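Since every read-out is calculated from the coordinates, none of them should be taken as a lab result. All figures in this text were calculated on a predicted structure; none of them were measured in a lab. Note that we place each Cβ from the backbone using ideal geometry, even for glycine, and neighbour counts take in every protein chain shown.
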Amino acid sequence: MRVAKLTLVSIHLEPSPRAVPLAAGLLSAVLREAHPGRIETRLVDGFLQQSEGELVAAILAEEPDWVGFSMYVWNRHRMQAVARRLKRQRPELILFAGGPEPTAAPDGLVAPDGLDFILPGEGERVIAEALGILLEGGAPATIAGRITPGPIPDLSGLPSPYLDGSLPPEQLPGIVWELSRGCPFRCDFCYESRGSRGVRRFPRQRLEAELRRFVSAGIEEIFVLDPTFNFEPEQAKELLRLFRDLAPGIRFSIEIRAEYVDRDMAELFAAVHCSLQIGLQSADPAVLANIHRSLDREDFENRLLLLHEAGVSYGLDLIYGLPGDTLGGFLDSLDFALALLPNHLDIFPLAVLPGTRLAETAAGFGLEYEPQQPYRLLASPTFSAADLAEADRLARACDLFYNRGRAVPWFGLVLENLAVAPSVLLRRLADWLDAAGAWADTDLTALQQRFVSDRFLAEERPAVAAVAADVIAYFGHSAALLSGDCGLDGEPPAPSGLRLHPDSRWVDFNHDPSLLLENLEIGVTDFQILTCLLPPEPCRALLYLCRGEVSLGVFADEERELLEAIAEGRCQGAPTGPLGEFFEAAVAEGIIDDNYSASWSRGSRRPPRGPHEPIPGA
């Protein structure tokens, strides 16, 4: 009996821990059970930045008989181009695709020079049926009329690709984890709930076995795919206890709805190493009503306050251009979102996706949008093309300054001291970036210092500008150290082998940063008052990681000179006398070499909060 060779192709946006071929793995696991010994399945991963030629060569290297594509909005055009090239080079190949895009927008996909058929809906059952027809000698053209698309009502019968060897966790860049399918909400812009009602869950026994497998494989991060993890609060709490007990060392990324958060849930999130993403979309209840969403602004704030008080990291989503939205409304949503000090704020233009309710009602709302992917809004009666361009400019400024610049610890302080709303500051930032040609700057901490200092200098407050620059310097460099984005060269430069710890860096301040932090810790956040409390004395200090946290070293002149000599390779050995005692303490603290075994407090301080959290009193 001849074994058919199937290659399942996934084309990801870019290499990342989320670039995991889960759909292909699920299909491979199903086919192994449905047609044992009759289909040999191989998985090919690609990325959008690869050329069509590279992708085609990788697929043909598997010598397939059949090729299946996992198709989404972002890879539709690339997959169609790859399919056409495959047909030209191997006309006998049978090509098909499944996924959200061919389900929602099938037109034009099946063609003599392209795909032979598509598999709409959830793929596990229909791929087993379709490939069974091919194994029996059936023609690809007959498959559409012989399969029965639809949701799988009972997920307990599906095999796990993480447990059956289809997707060995050790060989993946990360883990994307499906706990359930379906969505209980009916947001018009989203395709998730179309074609199914309610939420179907995988059995707890399977989830626990998968989690244990991830732990044994040494997985560090898991992305939970569920669009509303906490829709059923008690079940969500049960899962959080499972995460806490079985996988305390794994970081979870989870999407939730704010309205289901209570104090117990917030504390359970805090007990798990996790970050949350919350879809706000707009702060205008009237706009949200147009897409079948609702918002109680006060309740939303109170729910997020529970997360904040518990120390949970969370981000928010905004969409600009929703039906009835205006540029002014978007600015209000921006102010509302940033006033909550999320750890990051992701801002997207409206996309009118095929198959969604919004695509059916778009004409009634007067929405003009791209007819092909990515289906972005072009204009509406309330949001002109020029307004959309301005919203895009502000979204890019927010991403650069707030998200990538890790501005959370000090952003509220700057707003308070400038007495401006977040949207006003971001518009001034965008203008400043345009004028300075600084959009491509890579030293974001320096960029933030220059921009904020310029704002205070424009108000003729140079002393306040110096304080603001110090606040940004401390928290910006601290965040970079914690994320591993900066530090000294880890190779010992001196013949003696001495070095400063690689997770450290020298930072220049306008004032003694120890005094600055002392005042921030006790709630002095008015920069004008701080100018009276901090002598304007330039200070060079060392930021370094100690036991996983950032410490600040402010040293006497001879101590600093010794450390600088070590960093520059000019120190030939350990000094003697009083400076020798300092040297030994620095080694014990881990400032010199990499020994964190002892504790030393000479001139060192910890940040008042983590570098992604607001300063107390801000």
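Extending each Cα 7 Å along its Cβ direction at R146 and Y260, get the distance between those two points in nm, one decimal.
Spacing of the two 7 Å Cα→Cβ label points: 4.1 nm.
By how many degrees, 0 to 90 and rounded to 10, does the Cα axis of helix 76-89 deviate from the longest principal axis of the chain?
50 degrees
Report the Stokes-Einstein translational diffusion coefficient (µm² s⁻¹, integer) for the stretch 4-145, Rh taken as the Kirkwood radius over Cα pairs, at 20 °C with viscosity 1.002 mPa s.
Translational D for this selection: 143 µm²/s.
Counting other C-beta atoms within 10 Å, which of F185, F96 has the fewest, and how do the rest follow?
F185, F96
Determine the percent antiparallel among the DSSP beta bridges restricted to the chain, to the nearest 5. Walk me through the intermediate numbers first.
Values: 19 of 65 bridges.
The answer is about 30 percent antiparallel.
Restricting to DSSP loop positions (anything but H, G, I, E, B) with no more than 15 other Cβ atoms inside 10 Å of their own Cβ, which trypsin sites (Lys or Arg not before Pro) remain in the stretch 22-110?
Loop-located and lightly packed - R38.
Quick check: the angle from helix 297-310's long axis to the longest principal axis of the chain, C-alpha only, nearest 10 degrees?
60 degrees
What do you get for GluC sites (Glu not before Pro) in the stretch 61-156 restricted to DSSP loop and a cutoff of at most 14 other Cβ within 10 Å of the site's Cβ?
Answer by residue number: E92, E136.
Choose one of L552, P536, S453: the residue whose Cα lies farthest towards the positive end of the charge dipole of the stretch 445-567 (beta-carbon charges +1 Lys, Arg; -1 Asp, Glu; about the Cα centre).
Projecting each Cα onto the dipole axis, the largest value belongs to S453.
Which GluC sites (Glu not before Pro) in the stretch 491-591 sit in a loop by DSSP (not H, G, I, E or B) and have at most 14 other Cβ atoms within 10 Å of their own Cβ? Walk me through the intermediate numbers first.
Details: sites: E518, E521, E549, E558, E559, E561, E564, E568, E581, E584, E589; in loops: E568.
The qualifying sites are E568.
So how do F202, F583 line up by other beta-carbon neighbours within 10 Å, fewest first?
Going from sparsest to densest Cβ surroundings: F202, F583.
Calculated from the structure, Rg and Dmax of the Cα atoms in Å equals which of [x] 28.0, 89; [y] 33.7, 101; [z] 24.1, 74?
Computing Rg and Dmax of the Cα atoms in Å and matching it to [x] 28.0, 89; [y] 33.7, 101; [z] 24.1, 74 gives [x].
At a threshold of 8 angstrom on Cα-Cα distance, excluding pairs fewer than six apart, so keeping six or more, what relative contact order does the chain reach in percent?
Relative contact order of the chain: 8 percent.
Under a Cβ-only charge scheme (Lys and Arg +1, Asp and Glu -1), can you give me the dipole magnitude of the chain about the Cα centre, in debye to the nearest 20?
The calculated dipole for the chain is roughly 2000 debye.
At a Förster radius of 51 Å, what calculated FRET efficiency corresponds to the Cβ-Cβ distance of E584 and D441, to the nearest 0.05? Before the final figure, lay out the partial values.
Details: r = 41 Å, r/R0 = 0.81.
About 0.80, to the nearest 0.05.
What does the net charge come to around A130 if you take all other residues with beta carbon closer than 14 Å to its beta carbon, with K and R at +1 and D and E at -1?
Charge balance in the 14 Å sphere: -3.
Just grab the label-to-label distance for A139 and T576, each label 7 Å out from Cα along the Cβ direction, in nm (one decimal).
A separation of 9.7 nm, rounded to one decimal place.
Neighbour counts of other C-beta atoms within 10 Å: give me I152, I522 arranged from fewest to most. Intermediate results must be reported in sequence, preceding the final value.
Values: I152 17, I522 11.
Listing I152, I522 from fewest to most nearby Cβ atoms yields I522, I152.
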